[in-house]
Amino acid sequence: ADVPEIAKCGNAITVALEVTDTKSASVSAVVPMQLQVRDANGKTAEGSGYYGAKDGKLTVKLDIATNDDPGTWQIDIRELASRMEVTKFVRVEK
């Protein structure tokens, strides 16, 4: 999972995901994914939901509104076939 470390309110960030096999090659299937985006207050944010990673790849654009609270946001990413998951953080600034 590739997530920027810093984001600015009023801009968007891109979350890029890739599901690979044991040889680090992209999986040639549609892989079910779940993203849980939480703002600095722990509330579920826009962009949370279920996605399909075609050929093991998924790119999600997350819009950070100008009135969103700054602070550390958490993005939990779960690959639903194997239940593997990773957590990433992004610092949102005004």
Inset, instruction - Whenever you get a sec, compute what percent of the accessible area on the chain sits on carbon and sulfur atoms (1.4 Å probe). - result: 46 percent
Inset, instruction - Enumerate the lysines that residue 94 could reach by cross-link, defined here as Cα to Cα under 27 Å, with residues fewer than 8 away along the same chain left out. - result: 8, 43, 61
Inset, instruction - Note down the nm distance, to one decimal, between modelled labels 7 Å out along Cα→Cβ at residue 8 and at residue 93. - result: 0.9 nm
Legend entry - Sparse-neighbour loop sites [trypsin sites (Lys or Arg not before Pro); segment 17-70; at most 15 other C-beta within 10 Å; DSSP]: 23, 43
Inset, instruction - For the chain, list log₁₀ I(q)/I(0) at each q in 0.11, 0.19, 0.23, 0.24 Å⁻¹, using the Debye formula over Cα point scatterers of equal strength and ignoring solvent, two decimals each. - result: -0.31, -0.83, -1.11, -1.18
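About the Cα centre of the chain, what is the dipole size in debye to 20, counting +1 per Lys and Arg Cβ and -1 per Asp and Glu Cβ, all else neutral?
Numbers: 12 positive and 14 negative charges, 13 e Å.
For the chain, the charge dipole is close to 60 debye.
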Inset, instruction - Report the label-to-label distance for residue 84 and residue 30 in nanometres (one decimal), using points 7 Å from each Cα along the Cα→Cβ vector. - result: 2.1 nm
Inset, instruction - Could you work out the local net charge near residue 47, counting Lys and Arg as +1, Asp and Glu as -1, over the other residues with Cβ closer than 13 Å to its Cβ? - result: -1
Inset, instruction - Could you provide, to the nearest whole Å², the per residue accessible area of the chain with probe 1.4 Å? - result: 61 Å²
Inset, instruction - Mind checking segment 1-74 for GluC sites (Glu not before Pro) that DSSP puts in a loop (not H, G, I, E or B) and that have at most 11 other Cβ atoms within 10 Å? - result: 5
Inset, instruction - Provide the percentage of antiparallel DSSP beta bridges, counting only those with both residues in the chain; round to the nearest 5. - result: 90 percent
Legend entry - Where labels lie 7 Å past Cα in the beta-carbon direction, separation of residue 44 and residue 72 in nm: 2.3 nm
Legend entry - Surrounding net charge for residue 66, when Lys and Arg each add one and Asp and Glu each subtract one, Cβ distance under 14 Å: -4
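The values are calculated or read from the model by the stated rules, or taken from the named source; none is laboratory data. All values reported here derive from a predicted model rather than from experimental measurement. Ideal geometry is used to build each Cβ from the backbone, glycine not excepted, and the neighbour counts take in all protein chains shown. All accessible areas refer to the heavy atoms of the entire protein, side chains included, with ligands and DNA or RNA removed. Shrake-Rupley method; radii C 1.70, N 1.55, O 1.52, S 1.80 Å.
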